[in-house]
Amino acid sequence: MKLIIAVVSNDDSHSLSNALTKENFSVTKLATTGGFLKIGNTTLLIGTEDALVDKCIEIISEESKQRTELVPSTASYDIGRFATFPVEVQVGGATIFVVDVEKFVKF
Ligand code: 2BA
């Protein structure tokens, strides 16, 4: 048995956990914070059989693809006015660890 630890964007976590649950994976969602950016992300714990690890990673990659999005940003001009304009930011993606599970017990 393996434990898959997947750090994903908060924006993708809902659809991703739905997609995993639909395929009968058991999922635990943790609210986490990235050490570098210090902003919230989501860590999913998924315990599964060795044979299903690749399928699980495929679902994670489908539901949390890296993409660019336009978000509003504010700039100030020298005459003291402010205006918003869209900037492209990278969102999504996943960081995945797969670890061996020595023992799995459920009561
Ligand atoms: P990613 O490498 O895609 O990492 C996204 C989040 O995944 C990280 O959030 C962290 O929560 C987790 N993560 C990634 N690698 C990990 C590892 N080896 N062990 C444990 N958790 C891990 P943040 O730490 O906030 O990082 C956000 C993004 O900032 C990273 O995206 C990377 O592009 C950049 N970054 C992270 N550390 C950096 C550093 N020391 N120098 C430059 N850029 C860094």
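The values are calculated or read from the model by the stated rules, or taken from the named source; none is laboratory data. Predicted, not measured: the structure shown is a model, and the values here were computed from it. Backbone-built Cβ (ideal geometry, glycine too); neighbour counts: all protein chains shown. In case anyone asks, the SASA skips ligands and DNA or RNA and just uses the protein heavy atoms, side chains included. Shrake-Rupley method; radii C 1.70, N 1.55, O 1.52, S 1.80 Å.
GNM on the chain, alpha-carbon springs under 10 angstrom: the most fluctuating residue among LYS65, LYS55, LYS38 is LYS38.
Shown here: the chain, whose C-alpha atoms stretch 66, 24, 20 Å along the first, second and third principal axes, sorted largest to smallest.
Taking Cα atoms only, the orientation of helix 53-63 departs from the longest principal axis of the chain by about 20 degrees.
If you run the Gaussian network model on the chain, springs between alpha carbon atoms under 10 Å, then out of LEU70, LEU52, LEU16 the most flexible one is LEU70. Estimated purely from DSSP H runs of n ≥ 4, each contributing -39500 (n - 2.57), the mean residue ellipticity at 222 nm for the chain is -7000 deg cm²/dmol once divided by its residues.
Cross-chain or 8 or more residues apart, Cα under 17 Å: how many lysine pairs in segment 1-98 fit that? Count them up, please. The partial results should precede the final answer.
Values: LYS2/LYS29; LYS2/LYS55; LYS22/LYS55; LYS55/LYS65.
Going through segment 1-98 pair by pair, I get 4.
For the chain, the longest principal axis of the C-alpha atoms and the axis of helix 10-22 are separated by about 30°. Mean separation of Cα pairs under 8 Å and 6 or more residues apart, divided by the residue count, gives segment 11-107 a relative contact order of 21 percent. Taking all protein chains as they are arranged and a probe of 1.4 Å, the heavy atoms of VAL101 leave approximately 40 Å² accessible to solvent.
Quick one: length gained pulling GLU102 to ASP11 fully straight, 0.36 nm per residue minus the C-alpha distance? Could you put the intermediate results ahead of the total?
Details: separation 91, 0.36 × 91 = 32.76 nm, distance 3.23 nm.
Residue separation times 0.36 nm, minus the Cα-Cα distance, leaves 29.5 nm.
Here the chain is scanned for GluC sites (Glu not before Pro) in DSSP loops (not H, G, I, E, B) that have at most 15 other Cβ atoms within 10 Å, and the longest stretch holding none of them is 50-101.
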